[in-house]
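K.L.:
Following this message is one structure expressed as structure tokens.
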Amino acid sequence: MRILLLGFLCSLLLACGSDKTALNLYSSDISDAGLKNEYSLTDHHGVKRTAADFAGKVVVLTFGYTFCPDVCPTTLSDLSHAVKALGPLAEKVQIIFVTVDPERDTQLVLSQYVPAFSPSFLGLYGTPEQTVEVAKNFKAFYAKQQRPDGGAYSVDHSAGSYVIDPTGKIRLFIKYGEKPDHITQDLKQLL
């Protein structure tokens, strides 16, 4: 009876190990959320980029803006620590920062801001219409907030990051404030 029970447990463990949904993840699995990994934007080097450019890599895509006082620098810093912890595997990961403030976040501004967190990170920008479209594809939120005194505006925006697997499928949502070592572990599982 023990051998039969042991055999059943081994079969169950093997079956779970082959199921991608059985991964032990810190981030939320959003594989079936109906999101579209589609965009055509320009990077901070002036190169047009689409999702196809990153085939074969795990991509972490986050929305934000360079004038963000807290969420964006914290997120990019956490992602920088997570990627560094990957060691040689980091070459198979691309971090993308998509600006939701194309009025102020020009190519020059992005080229100074984004690489400050890691030289391998890319900042992407587009027209206001392109920005609306890519945010819609990822079901991301952003809204410009004018100050009553006419001072510099802020932009409310979604605070998490999207993880895209090497096949181009959006798989995970990393909530804002997730520990870098948890992010590293999730990225390793998708690599």
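The values are calculated or read from the model by the stated rules, or taken from the named source; none is laboratory data. Since the model is a prediction, treat every value here as computed from it, not as a measurement. Here Cβ is always computed from backbone atoms with ideal geometry, including for glycine, and neighbour counts include all displayed protein chains. Ligands, DNA and RNA are stripped out before the accessible areas are found, and what is left, the full protein with its side chains, is counted by its heavy atoms. Shrake-Rupley method; radii C 1.70, N 1.55, O 1.52, S 1.80 Å.
K.L.:
Output the number of the condition that Thr184 fails; it satisfies all remaining conditions of (1) open to solvent by 10 Å² or more (accessible area, probe 1.4 Å); (2) farther than 27 Å from Thr106 by Cβ.
P.N.:
(1)
K.L.:
Could I ask something else about it? Can you name the residue in region 106-119 that is touching a Leu at 6+ places or on another chain (Cβ under 9 Å) and in a loop (DSSP other than H, G, I, E, B) and, of all such residues, is least open to solvent (accessible area, probe 1.4 Å)?
P.N.:
Ser118
K.L.:
With the requirement that a residue be assigned to a strand (DSSP E or B) and either surrounded by 15 or more Cβ atoms within 10 Å (Cβ to Cβ) or among the β-branched types (Val, Ile, Thr) (or both), what does region 120-165 give you?
P.N.:
Leu122, Gly123, Leu124, Tyr125, Tyr142, Ser154, Val155, His157, Ser161, Tyr162, Val163, Ile164, listed by residue number.
K.L.:
Also, I was wondering about something else. Quickly run through region 15-57 and pick out the residues that are at pLDDT 95 or above and over 24 Å from Lys139 (Cα atoms).
P.N.:
Listed by number, the residues that qualify are His45, Gly46, Val47.
K.L.:
I'm trying to understand the selection: among the residues of region 23-74, which are aromatic (Phe, Trp, Tyr), open to solvent by less than 20 Å² (accessible area, probe 1.4 Å) and assigned to a loop (DSSP other than H, G, I, E, B)?
P.N.:
Just the residues of region 23-74 that are aromatic (Phe, Trp, Tyr), to begin with: 26, 39, 54, 63, 65, 67.
Narrowing further to those that are open to solvent by less than 20 Å² (accessible area, probe 1.4 Å): 54, 63, 65.
Hit for region 23-74 is Tyr65, nothing else.
K.L.:
Does region 145-175 hold any residues that are closer than 17 Å to Leu35 by Cα, in contact with an Asp or Glu (Cβ under 9 Å, 6 or more places away or on another chain) and among the aromatic types (Phe, Trp, Tyr), and which are they?
P.N.:
If the condition is that a residue be closer than 17 Å to Leu35 by Cα, in contact with an Asp or Glu (Cβ under 9 Å, 6 or more places away or on another chain) and among the aromatic types (Phe, Trp, Tyr), then Phe173 is the only one that fits.
K.L.:
Being more than 17 Å from the chain's Cα centre (by Cα), under 20 Å from Asp43 (Cβ atoms) and modelled with pLDDT of 95 or more is true for just one of Val114, Val93, Val98, Val132. Which residue is that?
P.N.:
One residue alone meets the criteria, Val132.
K.L.:
Follow-up question, since we're still on this one. Can you tell me which of (1) under 17 Å from Tyr39 (Cα atoms); (2) in a loop (DSSP other than H, G, I, E, B) is the one Glu103 doesn't meet?
P.N.:
Of the numbered conditions (1) under 17 Å from Tyr39 (Cα atoms); (2) in a loop (DSSP other than H, G, I, E, B), the odd one out for Glu103 is (1).
K.L.:
Among the residues of region 168-181, is there at least one that is part of a helix (DSSP H, G or I) and open to solvent by 10 Å² or more (accessible area, probe 1.4 Å)?
P.N.:
Yes; the residues of region 168-181 include at least one that is part of a helix (DSSP H, G or I) and open to solvent by 10 Å² or more (accessible area, probe 1.4 Å).
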